[in-house]
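The values are calculated or read from the model by the stated rules, or taken from the named source; none is laboratory data. This structure is a prediction, so every number in the text was calculated from the model and none was measured. FYI the Cβ positions are ideal-geometry reconstructions off the backbone, even for glycines, and counts take in every protein chain you see. Just so you know, the surface numbers come from the protein's heavy atoms only, side chains and all, with ligands and any DNA or RNA stripped out. Shrake-Rupley method; radii C 1.70, N 1.55, O 1.52, S 1.80 Å.
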Amino acid sequence: MMQPTITVIGSINMDLVTEADRRAGAGETILGKEFSTIPGGKGANQAVAAARLGGKVEMIGCVGGDAFGKELLRHLEAEGIILDNVRSITHSKTGIAAITLAEGDNSIIVVPGANNELTEEMIVQNEAVIANSDVVLVQLEIPLPTVVKAAELAHQHGVRVILNPAPMQQLPNKLIQYVDVITPNELEYGELMKNYSGDPNKLKEKLVITKGGKGTVCYDEGREVHVPGHQVDVVDTTGAGDSFNGGLAVQLAKGASLEESCRYANAVGALSVMKFGAQSGMPTDEEVRNLILKPLQ
Ligand code: RIB
């Protein structure tokens with residue numbers, strides 16, 4: 001197949017990462033060990049993952065008119081991502097994620113800033129880009145009506161839609177109808193099922209549940225399929241889900257089966273957690289194929 005085209009519609013953040021031995025309690029000040037500013041945002045992370053794996057990636061998103069925004073655009077451009085439809089919003093600040101890495105896990109507060117300026121109108125203006133995609137990939141760090149509009153237009157044009165429901169929120173039933181694949185982690189899966197008022201069997205058919213090193217569960221004509229993961233030495237789990245989604249999008253866009261695509265995406269996620277930072281550890285297609293051929297476990 002020719003190079004698959006993935007359109008990622010989502011957030012672009014600067015990650016402000018503090019490493020410490022433990023988290024500070026309310027009203028407490030502690031000394032941290034290290035501080036870094038690293039490109040992030042679920043949309044941008046997924047775009048970078050898909051581009052490194054060989055996808056032709058078009059991004060639709062917004063940054064602020066500040067220094068972070070300019071730096072993030074330079075970075076995405078260097079990754080080969082098409083940025084014609086990423087807007088710089090002068091009156092807005094670039095989205096940030098305040099991340100604490102402590103006690104072997106991360107905790108994240110996202111301030112969306114310019115990501116909230118990604119409107120339904122912008123999606124409608126980009127209908128042709130959406131219609132010409134093999135896969136449209138969306139997450140929930142931009143306004144929900146924008147996500148719904150993007151999924152609706154893609155669905156109308158027969159373009160496959162992957163929704164990564166993170167950070168989780170209550171989803172309208174029509175969004176679920178428009179999307180083809182939904183990729184919650186175990187926590188998000190619980191919330192999704194609890195809040196969904198439609199037929200749970202119809203929802204299940206679309207699910208790919210990610211379980212970190214334990215692998216993935218997907219459904220094939222009602223049959224539950226477990227796709228094993230990889231046990232690796234974890235350095236930083238930030239962006240693991242994004243790497244998985246980027247890999248899944250590229251494989252589905254190339255026409256691979258859901259199960260094959262999950263196998264590939266599990267390897268992408270595993271490789272990404274072995275390095276520090278959301279995007280720094282995202283692998284190439286060659287690295288992924290090597291891991292699938294020679295698992296580390
Ligand atoms: O999924 C990880 C991402 O979530 C981080 O890069 C951060 O920006 C937050 O959006």
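Any idea how far the Cα center of segment 139-174 sits from the one of segment 220-297, in Å? With segment 139-174 and segment 220-297 each reduced to a Cα centre, they are spaced 22 Å. Distances between placed amide hydrogens fall under 5 Å for VAL225 paired with CYS218, TYR219, ASP220, all partners being 5 or more residues away or on another chain. Shape class of the chain from the alpha-carbon gyration tensor: rounded, with the ratio a/c of largest to smallest axis under 1.5.
Estimated from the Cβ-Cβ distance and a Förster radius of 30 angstrom, the FRET efficiency linking GLU286 and SER107 is about 0.35. For segment 237-283, the Kirkwood hydrodynamic radius from C-alpha pairs, put into Stokes-Einstein at 37 °C and a viscosity of 0.692 mPa s, yields a diffusion coefficient of 321 µm² per second.
Only alpha carbons enter this Debye calculation for segment 174-267, each as an equal point scatterer, and the log10 of I(q)/I(0) it gives at q = 0.10, 0.11, 0.13, 0.15 Å⁻¹ is -0.25, -0.31, -0.43, -0.57. Take every Cα pair under 8 Å whose residues are at least 6 apart in sequence, average their separation, divide by the length of the chain, and the relative contact order is 18 percent. Ordered from longest to shortest, the equivalent ellipsoid semi-axes for segment 1-159 are 31, 16, 14 Å, each the square root of 5 times a Cα gyration tensor eigenvalue. Computed from backbone phi, the HN-Hα couplings of segment 258-272 come to 4, 5, 4, 5, 5, 4, 5, 5, 4, 5, 4, x, 4, 5, 5 Hz, rounded to whole numbers (Karplus: 6.51 cos²θ - 1.76 cosθ + 1.60, θ = phi - 60°; Gly and Pro given as x).
With all projection directions averaged, the alpha carbon convex hull of segment 21-75 covers 6.2 nm².
R0 = 35 Å: FRET efficiency of LYS33 with ARG223, Cβ-based, nearest 0.05? Don't skip to the answer; put the middle values down first.
Working: r = 47 Å, r/R0 = 1.35.
E(calc), rounded to 0.05, equals 0.15.
Only lysines eight or more places from LYS174 in sequence, or on another chain, were considered; those with a Cα closer than 26 Å are LYS42, LYS149, LYS194, LYS202, LYS204, LYS206.
Between ALA44, ALA166, ALA20, the Gaussian network model of the chain with springs among Cα atoms under 10 angstrom shows the greatest mean-square fluctuation at ALA20. For segment 28-106, the fraction of 1.4 Å probe accessible surface lying on carbon and sulfur atoms is 50 percent. Heavy atoms of the protein chains alone define the surface here; on that basis the chain has 44 Å² accessible area per residue at 1.4 Å probe size. Can you list the residues of segment 52-96 with backbone N under 19 Å from a point 7 Å past the Cα of THR119, pointing along Cα to Cβ? In segment 52-96, the label zone of THR119 (backbone N under 19 Å from the point 7 Å along Cα→Cβ) covers 60-65, 85-95.
First obtain the Kirkwood hydrodynamic radius of segment 164-224 from its Cα pairs, then insert it into the Stokes-Einstein equation at 37 °C and 0.692 mPa s, and state the resulting D in µm² per second as a whole number. Please report the intermediate quantities before stating the final value.
Details: Rh = 11.8 Å.
For these conditions, the coefficient is 279 µm²/s.
Between amide H atoms placed 1.01 Å from N, distances below 5 Å from ILE60 occur with VAL8, ILE9, GLY10, all of them 5 or more places distant or on a separate chain.
In square nanometres, what is one fourth of the surface area of the convex hull spanned by the alpha carbons of segment 98-182? Walk me through the numbers before you get to the answer.
Numbers: hull surface 25.8 nm².
For the Cα atoms of segment 98-182, the hull's average projected area reads 6.5 nm².
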